[in-house]
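**Student:** This is the structure I want to talk about, given as structure tokens.
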Amino acid sequence: MLIAFPKHRNSSQLKTGVKKSMKEHKGNKILQRILHARQLGLKLIANVTYGYTAANFSGRMPCVEVGDSVVSKGRETLERAIDMVENTPRWNAHVVYGDTDSLFVLVKGRSRQQAFEIGAEIAEAVTRDNPKPVKLKLEKVYQPCILQTKKRYVGYMYENPEQETPTYDAKGIETVRRDGCPVVAKMLEKCLKLLFETRDVSLVKRYVCRQFDKLLQGRANIQDLMFAKEYRGMSGYKAGACVPALELTRRWLQTDKRAEPRVRERVPYVVVNGPPGVPLIRLVRSPHELLENPGLRVNVTYYITRVIIPPLNRCFSLIGADVDKWYATMPRKFLNPLPWTVSTGQKKSTISQYFVTMSCAVCGSQTHSGLCGKCQNAPQAVAVVLNEKLRAWERAHTNINKICQSCTGRFEPIDCISLDCPILFRKTQAQRDLNQAPFVRQLLTQHLTF
């Protein structure tokens, strides 16, 4: 059980009042935005006022002595509070983390109600031990909680003893950061909630392996695999900088001088497969390129081993789990898609178009033709499975087109290019699935006679 204490002084009492108002009006979204902006402004004013005193190069009113005295007095107050907490036998508490103006206190073996009672006693004792206006306030209780490193923690938060349903609260980890891709945030948050609610690591492992298999089969939403990094302008980078946003901009400018993104605009990109030994920066592509070129495939190995597993390991290695081992030992089954078209004389642009499928269209086993020998001897099963595939592909394509038509109010063909629309990626996948229909119909004609 962890208890979080922020220490409040006179300069931040207004901010405390604003945050209290935010808790009392959680249902009013407009008021929440106003109050959040107000408390952020108060926080910045307090930070900048202190920061100016130590900014001897760029500051307008530098006074290093004031800055040093603030740091020294803060450390002295914090150390005195830690000493009091750990040397009071009746609390039997241990400070696991203390930084600047906050404490994380572990009360092992206590219930949540007892944690709130001990926390209130600690807050009152520390406040009484310090001169005004220094005040220690009990902010919240975490049960359970994972504390990674400084300013990086996550847990189920309780703000008062009467609260029955906890609130998922994360600070500094990938679920709340913007420098990764959505699949990391979604998987990490789901895994942590599973662990907190069930205390069963096997369920977490099952979910992680299922998501890895989904990625390996190419069934993940491309929108979840997109990175988006800020573009700083052509003159904002050093010579030879390997930055995805800069690399994509250079390619776009070769064909259109007006294609340069605006400064500070976030440029989306994905990482695709490529020949061995090619630098990673050469594998960066725009999401539009991935959608338009069926020969490109997402670099699933990079996403799993370099993007997803490290954040998971940073959390689950603390309880002895090894996500790398989960991935290394999981079974893998790769099913190549069926050929898009029969022989039509069209120009072939990818290597897969030069070879016939090696997977049976019905059972997925390896074969040199469209159907394996076992399925060729079961024409009734072939007819049911293949017709069901055709029906599913056509229904998915029709339903997605209806969604697009209702969104735009148009019934003619729609060429949507909005990367923010989740239907765009589903529509592309549905079209690629439907492109396999001519090959399936050819198999039905060849192997079924009525």
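The values are calculated or read from the model by the stated rules, or taken from the named source; none is laboratory data. All values derive from a computational prediction rather than experimental measurement. Quick reminder, even Gly has a Cβ in these numbers, built from the backbone with ideal geometry, and neighbours come from all protein chains shown.
**Student:** Against the condition out of contact with any Leu (no Cβ under 8 Å at 6 or more places or on another chain) and either of a type in the set (Ser, Thr, Tyr) or over 30 Å from Ala430 (Cα atoms) (or both), how does Glu174 come out, does it pass?
**Tutor:** It is false that Glu174 is out of contact with any Leu (no Cβ under 8 Å at 6 or more places or on another chain) and either of a type in the set (Ser, Thr, Tyr) or over 30 Å from Ala430 (Cα atoms) (or both).
**Student:** Just checking, does the range 229-242 include any residue being within 24 Å of Trp326 (Cβ to Cβ) and not in a loop (DSSP other than H, G, I, E, B)?
**Tutor:** Quick first cut of the range 229-242, residues within 24 Å of Trp326 (Cβ to Cβ) only: none.
Within the range 229-242 (the criterion being within 24 Å of Trp326 (Cβ to Cβ) and not in a loop (DSSP other than H, G, I, E, B)), the answer is no, since none of the residues qualifies.
**Student:** Please enumerate the residues belonging to the range 253-309 that are part of a loop (DSSP other than H, G, I, E, B) and either under 22 Å from the mean Cα position of the chain (by Cα) or hydrophobic (A, V, I, L, M, F, W, C) (or both).
**Tutor:** Ala259, Val263, Arg264, Glu265, Asn273, Val278, Ser286, Leu296, Arg297, Asn299, listed by residue number.
**Student:** Look at the range 127-137 and say how many of its residues are under 27 Å from Gly109 (Cβ atoms) and in contact with a strand residue (DSSP E or B) (Cβ under 6 Å, 6 or more places away or on another chain).
**Tutor:** Residues that pass the stated criteria total 3.
**Student:** In the list Ile414, Ile403, Ile351, which residue meets the criterion of being among the β-branched types (Val, Ile, Thr) and modelled with pLDDT of 85 or more? Steps first, please.
**Tutor:** Values: Ile414 fails: modelled with pLDDT of 85 or more; Ile351 fails: modelled with pLDDT of 85 or more.
That would be Ile403, the only listed residue that is among the β-branched types (Val, Ile, Thr) and modelled with pLDDT of 85 or more.
**Student:** Filtering the range 400-450 down to residues that are surrounded by fewer than 11 Cβ atoms within 10 Å (Cβ to Cβ) and closer than 20 Å to Ser369 by Cα, which residue is farthest from the chain's Cα centre (by Cα)?
**Tutor:** Checked the range 400-450; the qualifying residue farthest from the chain's Cα centre (by Cα) is Thr449.
**Student:** Of all residues in the range 75-96, which are aliphatic (A, V, I, L, M) and in a helix (DSSP H, G or I)? Let's see the steps before the verdict.
**Tutor:** Of the residues in the range 75-96, the ones aliphatic (A, V, I, L, M) are 78, 81-82, 84-85, 93, 95-96.
Of everything in the range 75-96, those that are aliphatic (A, V, I, L, M) and in a helix (DSSP H, G or I) turn out to be Leu78, Ala81, Ile82, Met84, Val85.
**Student:** Additional query: Given the conditions (1) surrounded by fewer than 13 Cβ atoms within 10 Å (Cβ to Cβ); (2) within 30 Å of Pro144 (Cα to Cα), and given that Ser102 satisfies all but one, which numbered condition is not satisfied?
**Tutor:** (1)
**Student:** Taking the range 415-445 as the region of interest, how many residues are in contact (Cβ under 8 Å) with a residue 12 or more places away in the chain and in a helix (DSSP H, G or I)?
**Tutor:** Looking only at that region, the number is 20.
**Student:** Within the range 195-217, can you find the residues that are polar (S, T, N, Q), part of a helix (DSSP H, G or I) and in contact (Cβ under 8 Å) with a residue 24 or more places away in the chain?
**Tutor:** First, the residues of the range 195-217 that are polar (S, T, N, Q): 198, 202, 211, 217.
So of that shortlist, the ones also part of a helix (DSSP H, G or I) come out as 198, 202, 211.
Of everything in the range 195-217, just one residue is polar (S, T, N, Q), part of a helix (DSSP H, G or I) and in contact (Cβ under 8 Å) with a residue 24 or more places away in the chain, namely Gln211.
**Student:** Does Glu230 satisfy being farther than 30 Å from Pro331 by Cα and loosely packed, with under 15 Cβ neighbours inside 10 Å?
**Tutor:** Spelling it out, it is not the case that Glu230 is farther than 30 Å from Pro331 by Cα and loosely packed, with under 15 Cβ neighbours inside 10 Å.
**Student:** Cβ contacts < 6 Å: first residue touching a residue at least 40 places away in the same chain (Cβ under 8 Å), restricted to the range 75-103; second residue of a type in the set (Lys, Arg), any location; separation 6+ or different chain. Result?
**Tutor:** Pairs that qualify, where the first residue is touching a residue at least 40 places away in the same chain (Cβ under 8 Å) and the partner is of a type in the set (Lys, Arg), are Asp101/Lys7.
**Student:** Then there is this: Restricting to the range 273-320, count the residues that are modelled with pLDDT under 90 and either within 30 Å of Gly155 (Cβ to Cβ) or in contact with a Gly (Cβ under 9 Å, 6 or more places away or on another chain) (or both).
**Tutor:** Counting residues in the range 273-320 that are modelled with pLDDT under 90 and either within 30 Å of Gly155 (Cβ to Cβ) or in contact with a Gly (Cβ under 9 Å, 6 or more places away or on another chain) (or both) gives 1.
**Student:** Going by the structure shown, is Val18 loosely packed, with under 15 Cβ neighbours inside 10 Å, over 27 Å from the mean Cα position of the chain (by Cα), outside any loop (DSSP other than H, G, I, E, B) and modelled with pLDDT under 80?
**Tutor:** Spelling it out, it is not the case that Val18 is loosely packed, with under 15 Cβ neighbours inside 10 Å, over 27 Å from the mean Cα position of the chain (by Cα), outside any loop (DSSP other than H, G, I, E, B) and modelled with pLDDT under 80.
**Student:** Which one is farthest from Ala120 (Cα to Cα) among residues in the range 157-209 that are in contact with a Ser or Thr (Cβ under 9 Å, 6 or more places away or on another chain) and buried (at least 20 other Cβ atoms within 10 Å of the Cβ)?
**Tutor:** Result: Val184.
**Student:** Here's another thing I want to ask about it. Can you name the residue in the range 235-252 that is over 11 Å from Val284 (Cβ atoms) and of a type in the set (A, V, I, L, M, F, W, C) and, of all such residues, is farthest from the chain's Cα centre (by Cα)?
**Tutor:** Within the range 235-252, the match that is farthest from the chain's Cα centre (by Cα) is Ala239.
**Student:** Residues Val85, Val70, Val64: which one is crowded, with 16+ Cβ neighbours inside 10 Å and in the same structural domain as Val126 (by TED's automatic domain parsing)?
**Tutor:** Exactly one of Val85, Val70, Val64 is crowded, with 16+ Cβ neighbours inside 10 Å and in the same structural domain as Val126 (by TED's automatic domain parsing), namely Val85.
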